[in-house]
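Below: one structure, written as structure tokens.
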Amino acid sequence: MDINYTAILPEIMLSLVGICIMLLIPFVPRERQTHLGYLALAGIVLAFFGVAMGWGQTDLAFSEMIFQDDFGQFSKIFFLFVSTVILLISMNYLEQEKLFQGEFFVLLLFATVGMLFMATSADLIMTFLGLEVLSISTYILAGFKERERKSSEAAWKYFLLGAFSTAFLLYGIAFVYGATGSTKYLQIAEAIQASPDYSLILFVGLGLMMVGFGFKVALAPFHAWTPDVYEGAPIPITALLAVASKGAALLALVRILYQVFPDLSQQWQAILWPMAVMTMAIGNIAALTQSNIKRMLAYSSIAHAGYLLVGLTAHNPLATQGILFYLVAYAFMTLGALIVVQIVGRREEQHTTIEDYNGIGYRYPFLGIALSVFLISLAGIPATAGFMGKLFVFSAAVQSQMYGLVVIALVTSAIGLYYYLRVIVSMYMGEFKTEKIPITISMPLRIILTLLVLGTLYLGILPGSLLNLAEEAASF
Amino acid sequence: MVLEHFWILILFPLVGAAMNGILGRRFPHPVIAWLSCSTVALSFLVALLSFYNFIRLPEDQRILTHHLFTWIQSGNFISEFSFLLDPLSMVMILVVTGVGFLIHIYSLGYMAGQSGYYRYFAYLNLFIFMMSVLVLADNYLLMFVGWEGVGLCSYLLIGYSFEKRTAGDAAKKAFILNRIGDVGFLIGVFLIFRTFESVQYLTVFQAVSEQFAVMGTEFGVLGAITLLLFIGATGKSAQIPLYVWLPDAMEGPTPVSALIHAATMVTAGVYMIARSAPLYSRAPETLFIIAVVGISTALLAALIATVQRDIKKVLAYSTISQLGYMFLAMGVGAFGAGVFHLLTHAFFKALLFLGSGSVIMALHHEQDLFKMGGLRKYLPVTFYTMWMGALAIAGVPLFSGFFSKDAILWKTFAAGNEALWLMGVVVAGLTAFYVSRLMFLTFHGGERSEKHHQGAPDPSPKEPSWSVTLPLIILAGFSLLAGYIGLPSYLGNNRLEEFLAPSFRFQFSGQAASAMEHAHLTEVILTLVTLAVAFLGFALAYHFYIKNPQVAERLANRFPWLYSLLRRKFFLDEIYDWLIVGPVQRISRTILWKGMDVHVIDGLVHGTASLMQAWSHRVKRIQSGYARLYATWILGGALLILFYYYWISP
Amino acid sequence: MVDITHYLVLSTIVFSIGVVGVLTRRNVIIILMSIELMLNSVNLNLVAFSDQLQDPSGQVFAIFVITVAAAEAAVGLGIIIALFRNKETVNVDEIDLMRG
């Protein structure tokens, strides 16, 4: 029995701190509940230490259920960073909305645990558990603003469709288990390699699993929940969904397709190809005429999932590297954009239409520049992280000679330019309406935004260092 | 120690440009000036110190590179941000930073009190940075960055007084013509990459010397590359057919004309060819074209210069003409001689321009030669220094221009191109003519200045301040002395050629070392012929403009068509207008604009846009808000996938 | 022994019933029940495979699934209650504030 605690030290830390906070909640006065966020922050710091302590080991751990490879380390650090940012903006958000409930932080920490497991799992059971821990936490978090109708609706839709797709995923896992005799990644791969005549059951399992993951990553035609849930959920949770949840599912999918089913690549590429096309098309086209910026960003994130899928379909080492890079770049720009949305949205998220951004560029130059950088990066204009990400991902596809896919990607990308620029135009050329409540940016948010802007530009001009890290991680 | 870090000299002017550009609006003028002058001074200092250490290195070690970082790495295309210091770039960087520094000093006086002071100095600093990058780059791509950068700065500085319509037009003309040339340049660089799989100089040159060991007989890829690069050079260095921007560029402030359009930027094309000598020396067809274009340009420009009324325009055409000489040198394979003339020309042409600036300032912005005269008693320093520059450009012995021009002419003749040599001699005569014409009309004879006649409040022109005259004196000194590093073979060692030799080591050495190289007697005789022709030009100018001023006018009236031809610059601008610009504009307006743009393309664009909008609305409508519908989609997707797998399964 | 195909067919039927339930019923509680049905049909599958392969991990997995399904159901009910407080309906078709 090999219980290698160091392998899951970060997750243990996060869970323990989460439980601590949960226990403390009744004892903390209502107005101070948001301070529990600092405790959560401490938990994440401890988790970082946990990752550091487990550094350097490479074998499977925990009864062969956890990978300890570079890919895993990269993912863990990525998710911990993303969670930190989301935690910080959540604290600001909860204060602003006067939602004094410490459970928020507990759920956030548990969601992070789920993400970490998904990215490092070596067994389908583990993946499922991670997925569910993440999902259940986010179902609750999406509906956190109980008095807000949209929030409850978002939570309900997310739950319904999420549970529905999880059932499909589970069904798929069961079939794969039945066809190959194991739930452990490496053993499944061996079994597939050993007997080259694949049974229908195996394919059915693979297909159903893709349904489940497709939902989580928001790929067409499983994307429908995204605009509604992103719109209704509180903004920090939108950020969580758009970046962390999507990322976790994507990374788990990368592992599954590349480590478990590499021999079936022809089969799953055939499915991913049309999915990518649909995803990019729907994401970009539907975003064109949105008036709510959260909804627009939701469709935008669908489109970006499409681009990532282009990379995933390519199935070569450059693709993995590109996906990892793109994910980081995507995190920077989406988090940044959503933070600005939170700041401009103010109390009760009253100002989340594109018209609310009229003239903001000149009144609040800091916000204007920050949002412009993020939008330009999302649009994929050179000298930004978004461009570099697209460059690498599309290059990977070209390397696998998927020219048609790349062409479609470029065309949809060009179409997408419009809705990003529209906001920038509105910011700088729109007429500023006098407002009842001025926009305030707290210092922590200012710092985070500055770092994100600098990061976006840095990755766009000097991608080298991140690329090298991604390359190491890509070799599993 | 300085030598290892030679490359940091490019950073100083960049910092200066950034600070002046971003914050300069709030700086007082002395701060702006001090800042930008000191950055260039620092660069020059580093260059000097590097040179000092450089010549202490043994000859075979005189090639230093510094790798900053890898800029682009995509597949097997690698482009580095790295720099090369070898004899050629050493010479260039000294010229750029040295002359650049002098001109910064000069600008203190010349631009005093102008609005937009900070802009000027910021752009000037930026230019030094870009030019340094161009000269110090160790690969074609980085050189191109500098190439484009100097073009940008040229545009910004020509259009410095952007309120004037003419300045804005001139700036645009410069930029557009440069860009046209750059298309050729870029295609050449792409071809280089395709042929040699690298754009690093040393890698390419090594490959060329191995792959093309025998002189090719047909116009192959090497010919294409060299020709394309040369097209870029005709744009940047104002040769036929893309030179027409340079005269117009005189709209910019005079120090700008001196620095950019005489000493440095326009020499970028010459530098590029010198740098690519390994390629060019193996492409005889292109070399021939370059020589012919060079000397033709020299002749054409010199002819036009003889009848210009504007003092700066004379000098502009003179620059074009002298550049033609440099290209002639390149075309006959005398790369070292071309660089030598580049060096001396930098000194005396900058001197002449700066001197003309001093005159213009003293006369309150009068630039018409026929409204000047007799200024020698008012502007003594300018007078003496400009004469030194004039003598240098005319090729009077002892002055630097004599040695460099002679080197070119001799090498041309020695390579067997007697006809080109003869044309070169004619140009020398014309050069002597127009430059002495300029001097006579400006400084000698009666005073024709209008202001003077009308008894304006401060009628007598005054010599400008020390910041103007000091650079003049220094440049005059160099115009005199710089020649001695390149003595012809019958007088001694050509130190410059020896120094530059390592830079040309990949050159094709198949050309039979001409026996003529050592025919000293012939060389001396030819030199004397040139001198005689130059003297003739000088005497003619004296006759026309001092002894007998009416002769010029009478000649002009006797041969009105010839005079017009020259006056109107051979109508080339008009020809271009009629042949190219006019039709392009007409086609643009009618076919492309009304026809294609409005109907087809706008139609397409708006049509696509409305189509996208329609689709967007339809997609949005599908998203009905009903969760059950969404769930149906999930099921639908699942069924499709399953169906597909059922269908293809064994 | 019961042939594995029978188990698979049974679970497929139950799964399909669940799917149909989610798609066609309007009462949110019923939808929740249908989802539970789907999850349990998967459990059937897991145990059946576990038996055929003589490998315990299937059954272990099934127990995990039961646990998670329970948690999910709890959360789902909580969300429904929140929804009900806001809108006073249990008709899923009336939950359509967000669309487009």
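The values are calculated or read from the model by the stated rules, or taken from the named source; none is laboratory data. Please read all numbers here as calculations on a predicted model, not as lab measurements. All Cβ positions, glycine included, derive from the backbone under ideal geometry; neighbour counts span all protein chains shown.
Worth pointing out:
- Considering residues of the range B:626-644 that are among the aromatic types (Phe, Trp, Tyr) and closer than 18 Å to A:Ala276 by Cα only, the residue nearest to the other protein chains (Cβ to nearest Cβ): B:Trp633
- Any hit, the range A:218-230, residues being in a helix (DSSP H, G or I), of a type in the set (Asp, Glu) and more than 9 Å from chain B (Cβ to nearest Cβ): no
- Hey, A:Asn284 surrounded by fewer than 24 Cβ atoms within 10 Å (Cβ to Cβ), within 14 Å of chain B (Cβ to nearest Cβ) and in contact (Cβ under 8 Å) with a residue 24 or more places away in the chain or not: no
- Filtered residues of the range C:3-19 (kept if of a type in the set (Val, Ile, Thr) and within 21 Å of C:Val65 (Cβ to Cβ)): C:Ile4, C:Val9, C:Thr12, C:Ile13, C:Val14, C:Ile17, C:Val19
- Test for A:Thr180: is it closer than 22 Å to B:Ala631 by Cα, more than 7 Å from every other protein chain (Cβ to nearest Cβ) and either buried (at least 24 other Cβ atoms within 10 Å of the Cβ) or at pLDDT 90 or above (or both): no
- Segments classed as helices (runs of 4 or more DSSP H), wholly inside the range B:110-215, with at least 3 members that are crowded, with 20+ Cβ neighbours inside 10 Å and of a type in the set (A, V, I, L, M): B:117-136, B:140-158, B:165-196
- Within the range C:58-68, restricting attention to residues that are more than 20 Å from A:Phe164 (Cβ to Cβ) and more than 9 Å from chain A (Cβ to nearest Cβ), the residue that is surrounded by the fewest Cβ atoms within 10 Å (Cβ to Cβ) is C:Ile63.
- For the range C:1-18, the criterion of being within 10 Å of the chain's Cα centre (by Cα) and under 27 Å from A:Thr138 (Cβ atoms) is satisfied by at least one residue.
- Residue match in the range A:297-304 (condition: within 17 Å of A:Ile339 (Cβ to Cβ), within 14 Å of chain B (Cβ to nearest Cβ), buried (at least 23 other Cβ atoms within 10 Å of the Cβ) and in contact with a Phe, Trp or Tyr (Cβ under 9 Å, 6 or more places away or on another chain)): yes
- Residues that are farther than 27 Å from A:Gly130 by Cα and either free of Cβ contacts under 8 Å to residues at least 24 places away in the same chain or surrounded by 21 or more Cβ atoms within 10 Å (Cβ to Cβ) (or both) were ranked within the range A:237-280; the one that is farthest from the other protein chains (Cβ to nearest Cβ) is A:Met280.
- Scope the range A:186-201; condition surrounded by fewer than 24 Cβ atoms within 10 Å (Cβ to Cβ), within 13 Å of chain C (Cβ to nearest Cβ) and part of a helix (DSSP H, G or I); matching residues: A:Gln187, A:Ala191, A:Leu200, A:Ile201
- Close Cβ contacts (under 6 Å, 6 or more residues apart or on different chains) running from residues in the range C:28-57 that are within 19 Å of A:Gln187 (Cα to Cα) and at the interface with chain A (Cβ under 7 Å from one of its Cβ atoms) to residues that are outside any helix (DSSP H, G or I) and not β-branched (Val, Ile, Thr) comprise C:Leu53/A:Gly181.
- Near pairs, Cβ below 6 angstrom, 6+ apart or cross-chain, from the range A:193-221 (farther than 17 Å from B:Phe643 by Cβ) to any residue that is of a type outside the set (A, V, I, L, M) and outside any helix (DSSP H, G or I): A:Phe215/A:Phe222
- B:Ala291 vs. criteria under 11 Å from the mean Cα position of the chain (by Cα) and either part of a helix (DSSP H, G or I) or over 27 Å from B:Asp169 (Cβ atoms) (or both): no
- Some residue of the range A:312-321 being within 18 Å of A:Leu417 (Cβ to Cβ) and in a helix (DSSP H, G or I): no
- Some residue of the range A:52-71 being within 20 Å of the chain's Cα centre (by Cα) and part of a helix (DSSP H, G or I): yes
- Scanning the range B:613-625 for residues that are surrounded by fewer than 17 Cβ atoms within 10 Å (Cβ to Cβ), among the polar types (S, T, N, Q) and within 11 Å of chain C (Cβ to nearest Cβ) gives a single hit, B:Ser624.
- Checked across the range A:391-399, the condition of being more than 29 Å from B:Val605 (Cβ to Cβ), in contact (Cβ under 8 Å) with a residue 60 or more places away in the chain, out of contact with any Cys (no Cβ under 8 Å at 6 or more places or on another chain) and not in a helix (DSSP H, G or I) holds for no residue.
- Subset of the range A:142-153 that is more than 7 Å from every other protein chain (Cβ to nearest Cβ) and in a helix (DSSP H, G or I) - its residue that is surrounded by the fewest Cβ atoms within 10 Å (Cβ to Cβ): A:Ser151
- Here the range C:81-100 is the region considered, the condition is being in contact with an Asp or Glu (Cβ under 6 Å, 6 or more places away or on another chain) and within 11 Å of chain B (Cβ to nearest Cβ), and the residue that is surrounded by the most Cβ atoms within 10 Å (Cβ to Cβ) is C:Ile95.
- Filtered residue count, the range C:69-79, keeping only those that are in contact (Cβ under 8 Å) with a residue 40 or more places away in the chain, surrounded by 15 or more Cβ atoms within 10 Å (Cβ to Cβ) and more than 7 Å from every other protein chain (Cβ to nearest Cβ): 1
- Residue match in the range B:625-640 (condition: assigned to a helix (DSSP H, G or I), small (Gly, Ala, Ser), in contact with a Leu (Cβ under 6 Å, 6 or more places away or on another chain) and modelled with pLDDT of 75 or more): yes
- Unique residue being at pLDDT below 80 and either assigned to a loop (DSSP other than H, G, I, E, B) or touching a His at 6+ places or on another chain (Cβ under 7 Å) (or both) when the list is B:Gln511, B:Gln550: B:Gln511
Each row is one residue, and each column tells you yes or no for (1) closer than 15 Å to B:Gly181 by Cβ; (2) surrounded by fewer than 24 Cβ atoms within 10 Å (Cβ to Cβ).
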position	(1), (2)
B:Gly252	no, no
B:Val270	yes, no
B:Leu279	no, no
B:Phe288	no, yes
B:Val293	yes, yes
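- Selected residue (criterion: modelled with the highest pLDDT) from residues of the range C:77-94 that are over 22 Å from the mean Cα position of the chain (by Cα) and among the acidic types (Asp, Glu): C:Glu88
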